[in-house]
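What follows is a short report on a single structure.
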Amino acid sequence: MPGEAVAVAGPGGEVRRRRLVVRLAAACALLLLAVVVVSAYLRLENAGLGCDDWPACYGHPGEARFTANRGELTPMRALHRLAATTALLVVIALVALTRRRPELRSEHRISMALLSLMLALSLLGWLTGNSTVPAVVLANLFGGFAMLALAWRLHTTASGAGDLLLPNARKLLPWARAGVALLVAEIFLGTLISATFAARACLTLPACGDTWWPADAWGHVFDLFADFAGRPLPDRDPGGMALHMLHRLLALATALVLGVAALRGIALRPALPILGLLFVEMILGAVAVSLGVPLPVVVLHNAVAALLLVASVAFLRGLRART
């Protein structure tokens, strides 16, 4: 494999350095996955999912219930800070290890991009605090997903992981690009459902009761700077219904387009995980709605979405490398 060939050709110190980069990048990816999952748990729990008096407490982060239960959140907040701080230290170590090393030039660029994104998100968190404004929620969620994708790319780049040649890579590239775009749009809509507190606007499948599309205006849910905390969208709110139905339609489109691309590019390593994750994600979405959006299922749905995005980006990169 290309990465291994470079390592073997160099001195022993170069081999050990590359192996250390591979291990640290894998550890960083695991830490960032923990950050993404715990962040989702804290955000959704604070929004009221899983509360005893659901849905009365939903969308009211400042109510006494959260003050009374603050002790229950402390271990999760501590875990989040520990994982995030450790990941930052690992990335700083990766930047130092790859600095001024010509054989690790690509790894250094990825490490620097990862460090820059971490610092930018830290600054955003310091400036916005626990803001529930959709724009802030979206920035934090996609920032976390992007960090995870970069960490995994660093790992695969340093390890020189290879795949079989694909003679049809050029034909598959448009499918993969469309699939990733649909997946990003689907994640965007799913995050808006959370950020606008619209989870209970549609709790039936496949439609919202007997309605497939709201008759009234629904554009208010796309105001990314309106804070919906304290006034969650009620059952059958037109905006919430529109978000749910668009999210479901995009889920089907994503599964079709990305699934076809993965099946036709099954020789690439991320293809099989993509197929499995697509299936699990669809099942979790249906279970979440059927059971009244329980917190553990929604958090797991979020985690699988992050893994699916990472695998899809890796798949797209693999195709581009072969065209």
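Numbers below:
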read-out: Cβ-Cβ FRET estimate between L79 and D52, R0 fixed at 30 Å, reported to 0.05; value: 0.85
read-out: Carbon plus sulfur fraction of accessible area for the chain, probe 1.4 Å, in percent; value: 67 percent
read-out: Highest-MSF residue in the chain out of A267, A34, A146 [GNM, Cα springs under 10 Å]; value: A267
read-out: Reported label for calculated Cα extents along the principal axes in Å given [x] 75, 68, 51; [y] 65, 45, 29; [z] 56, 41, 40; value: [y]
read-out: Segment 166-323 - accessible surface per residue (Å², probe 1.4 Å); value: 45 Å²
read-out: Extension gain, A96 back to L30 (0.36 nm per residue minus Cα-Cα distance, nm); value: 21.7 nm
read-out: Square roots of five times the Cα gyration tensor eigenvalues for segment 280-322, Å; value: 29, 9, 4
read-out: Potential extension, V260-A185 segment - 0.36 nm per residue separation minus Cα distance; value: 25.2 nm
read-out: Residues L249 and L117, FRET efficiency given R0 of 41 Å [Cβ-Cβ distance, rounded to 0.05]; value: 0.85
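The values are calculated or read from the model by the stated rules, or taken from the named source; none is laboratory data. The model shown is predicted, which means the values in this text are computed figures rather than measured ones. Note that each Cβ is placed from the backbone with ideal geometry, even for glycine, and that neighbours are counted across all protein chains shown. Just the protein is used for accessible areas: all its heavy atoms, side chains included, with ligands, DNA and RNA removed. Shrake-Rupley method; radii C 1.70, N 1.55, O 1.52, S 1.80 Å.
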